[in-house]
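The values are calculated or read from the model by the stated rules, or taken from the named source; none is laboratory data. Bear in mind that the values here come from a model prediction, so they are computed numbers and not experimental data. Glycine also receives a Cβ, built like all others from the backbone with ideal geometry; neighbour counts cover every protein chain displayed.
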């Protein structure tokens, strides 16, 4: 039983990170209907921003950790908006395939640039927050796991407030429903889409820091697998659906942790894709998504 | 004899002729040429799926790996039993290799059928993801099969691949794809690409067309994998990951989606490009990805698509 609880906690803290990344995929899909393949590399850049900030900011302090977290979020938000402005905006309204390929191109560009400028060898991420282990009987919870879950939960609540309680959030939902109609009632689509990219990328940046806290070996290709899995999480919850992405992330992280602890551990990378295929074949709208019939 | 058959015959004769002089060609150039040939097979076969039929597969490297492993297994495990300790004559080895390649191709085609039947109901982004997922699952499975070397891969595969075999299979792949799409039956692929609903309305079974395209594409990807394995003499599961699939997709898109000649040119260019950029080794992949983005922004219809005034989506 205690082992089950332990795995559950490990799974939830991994799932919370997947959920943060998945939110970025889902929001971009919501407004633009395309898969932003470069999102996983924005996540990687977030980790590296944290790594370099960690060199100038004292380690093991709460405020230092928060500064690093906010710095990575800000840096990633700017990067996300820059990518949207330079690469995607001109292709808006064109065939989705071209946007998809451009996204793959941006993803490769970030990975290869990372290998040249950061170096391809893995780096050790500094311990930015003070760390301790709390034990409850045989159950061990690290402070980093608590930080991950708390920060992720706060960010998701903040996102929910932004999307449902602010003017720009209302505009985002309007663009997601119908871009042309939104424009007619005076929404500036460019600003809204730019903001969406910024918001999603900031969450990816936070995810990058939180991921590196628990898995402190970072390299320029670290984003690929978490990125793909977070995407699976977004599809699992219902792409374009914000609570769905959070649910999908938590579910996927938990399942993966349990598989990792079983005798099938070497297949853990395949599990996410197996889930993806099953979901797409039997319930393409995802767990919380609404099923829509495609009209001619 | 109809014209395409003459071309095929001519290409095979040319391949045999070139392979006769192959020991006079610089080995480095020969290696590059082999790499180009293998990429042409991959790109032309994927073009049948992504270009002519309008589906979006991101799992071509998965089928390539099935072919590579199966062909290598035939050569490694069955080869010594059939050819004996001495290794047999060159002719025997040739037949053995052909059998291995066909086995690899058929295995990949079967994998294509297994993947295609359930997933081709999906469209666009979703199909891309499912095929990507299958490709990754195939890779993880190979990583876990001890019999096939696990994560270390298979080593010591006999170096059967020669320029003759590569060019012969390039000729065969181009021949099959060209004849297929130009046949009465093959018009169905283009119809599926242009408008699925209209095709179904006139009685075409679009699902079957998609599956046929997928299976034939997978077959040639498998043979390309077999050629690759017997060329590099070693294969690892990570050599066939999703980066490789993307590389092939880029060739197809650059060639202009459904334009065999363009796709061949793109395969040649994209294989040569990293070689030509070798002096600036560090930055070459950055340049490669930048070119990809610029290409999409500047010429979304493909670099080698010269059909003007006919924008395809």
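When residue B:202 is tested against the conditions (1) within 14 Å of chain A (Cβ to nearest Cβ); (2) surrounded by fewer than 20 Cβ atoms within 10 Å (Cβ to Cβ); (3) modelled with pLDDT of 80 or more, the lone failure is (1).
Could you check the range A:104-120 and list, in sequence order, the residues that are surrounded by fewer than 18 Cβ atoms within 10 Å (Cβ to Cβ) and at the interface with chain B (Cβ under 7 Å from one of its Cβ atoms)? Give the steps one after another, and end with the answer.
In the first step, residues of the range A:104-120 are kept if they are surrounded by fewer than 18 Cβ atoms within 10 Å (Cβ to Cβ); the result is A:115-117, A:119-120.
Selection gives A:116 alone.
Test residue B:149 against the stated conditions and say whether it is in contact with a helix residue (DSSP H, G or I) (Cβ under 9 Å, 6 or more places away or on another chain) and farther than 21 Å from residue B:53 by Cα.
Details: in contact with a helix residue (DSSP H, G or I) (Cβ under 9 Å, 6 or more places away or on another chain): yes; farther than 21 Å from residue B:53 by Cα: yes.
Yes: the conditions hold for residue B:149.
Tell me yes or no: at least one residue of the range A:222-231 is modelled with pLDDT under 90, over 15 Å from residue A:20 (Cβ atoms), more than 12 Å from chain B (Cβ to nearest Cβ) and surrounded by fewer than 24 Cβ atoms within 10 Å (Cβ to Cβ). Checking the range A:222-231: not a single residue is modelled with pLDDT under 90, over 15 Å from residue A:20 (Cβ atoms), more than 12 Å from chain B (Cβ to nearest Cβ) and surrounded by fewer than 24 Cβ atoms within 10 Å (Cβ to Cβ). Within the span defined as the range A:64-79, one or more residues are closer than 30 Å to residue B:252 by Cα and at pLDDT 85 or above. Residue A:28 fulfils the conditions (1) surrounded by 24 or more Cβ atoms within 10 Å (Cβ to Cβ); (2) more than 25 Å from residue A:276 (Cβ to Cβ) except for a single criterion, (2).
Residue by residue, here is whether (1) in contact (Cβ under 8 Å) with a residue 40 or more places away in the chain; (2) more than 14 Å from chain A (Cβ to nearest Cβ); (3) touching a strand residue (DSSP E or B) at 6+ places or on another chain (Cβ under 9 Å) holds:
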residue	(1), (2), (3)
B:53	yes, no, no
B:58	yes, no, no
B:62	yes, no, no
B:74	no, yes, no
B:95	no, yes, no
B:108	yes, yes, no
B:116	yes, no, no
B:122	no, no, no
B:127	yes, no, no
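The set of residues in the range B:249-277 being over 19 Å from residue B:175 (Cα atoms), within 14 Å of chain A (Cβ to nearest Cβ) and either crowded, with 21+ Cβ neighbours inside 10 Å or touching a residue at least 40 places away in the same chain (Cβ under 8 Å) (or both) consists of B:249, B:250, B:253, B:254, B:270. I'd like the residue in the range A:121-130 that is exposed (fewer than 14 other Cβ atoms within 10 Å of the Cβ) and touching a strand residue (DSSP E or B) at 6+ places or on another chain (Cβ under 9 Å) and, out of all such residues, is farthest from residue A:86 (Cα to Cα). Result: A:124. State whether one or more residues within the range A:80-102 are in contact with a helix residue (DSSP H, G or I) (Cβ under 8 Å, 6 or more places away or on another chain), over 25 Å from residue A:41 (Cβ atoms) and surrounded by 18 or more Cβ atoms within 10 Å (Cβ to Cβ). No, the range A:80-102 contains no residue that is in contact with a helix residue (DSSP H, G or I) (Cβ under 8 Å, 6 or more places away or on another chain), over 25 Å from residue A:41 (Cβ atoms) and surrounded by 18 or more Cβ atoms within 10 Å (Cβ to Cβ). Does residue A:48 satisfy being at pLDDT 90 or above and in contact with a strand residue (DSSP E or B) (Cβ under 9 Å, 6 or more places away or on another chain)? Spelling it out, residue A:48 is indeed at pLDDT 90 or above and in contact with a strand residue (DSSP E or B) (Cβ under 9 Å, 6 or more places away or on another chain). Scanning the range B:143-152 for residues that are assigned to a helix (DSSP H, G or I) and either surrounded by fewer than 15 Cβ atoms within 10 Å (Cβ to Cβ) or within 11 Å of chain A (Cβ to nearest Cβ) (or both) gives B:143, B:144, B:146, B:147, B:150, B:151, B:152. Screening the range B:53-141 for helices (runs of 4 or more DSSP H) wholly inside it with 3 or more residues that are surrounded by 22 or more Cβ atoms within 10 Å (Cβ to Cβ) returns the ranges B:60-73, B:90-119.
A single entry from B:76, B:83, B:46 fulfils the requirement of being closer than 13 Å to residue B:158 by Cβ and in contact with a helix residue (DSSP H, G or I) (Cβ under 7 Å, 6 or more places away or on another chain): B:83. Is it fair to say residue B:81 is modelled with pLDDT under 85 and either on the phi > 0 side of the Ramachandran plot or facing another protein chain (nearest Cβ under 9 Å) (or both)? Answer is no for this residue.
Residues in the range A:190-221 that are within 14 Å of chain B (Cβ to nearest Cβ) and more than 20 Å from residue A:269 (Cβ to Cβ): none.
State which residue is farthest from the other protein chains (Cβ to nearest Cβ) when the search covers only the range A:71-103 and only residues that are part of a loop (DSSP other than H, G, I, E, B) and on the phi < 0 side of the Ramachandran plot.
Of the range A:71-103, the ones part of a loop (DSSP other than H, G, I, E, B) are A:92-95.
After this cut, where a residue has to be on the phi < 0 side of the Ramachandran plot as well, the list is A:92, A:94-95.
On the way: A:92: 12, A:94: 6, A:95: 4 Å.
Per the criteria, the residue is A:92.
Of everything listed in (1) at pLDDT below 95; (2) assigned to a helix (DSSP H, G or I), the single unmet condition for residue B:223 is (1). In this structure, does residue B:227 turn out to be surrounded by fewer than 24 Cβ atoms within 10 Å (Cβ to Cβ) and under 28 Å from residue B:11 (Cβ atoms)? Criteria not met by residue B:227.
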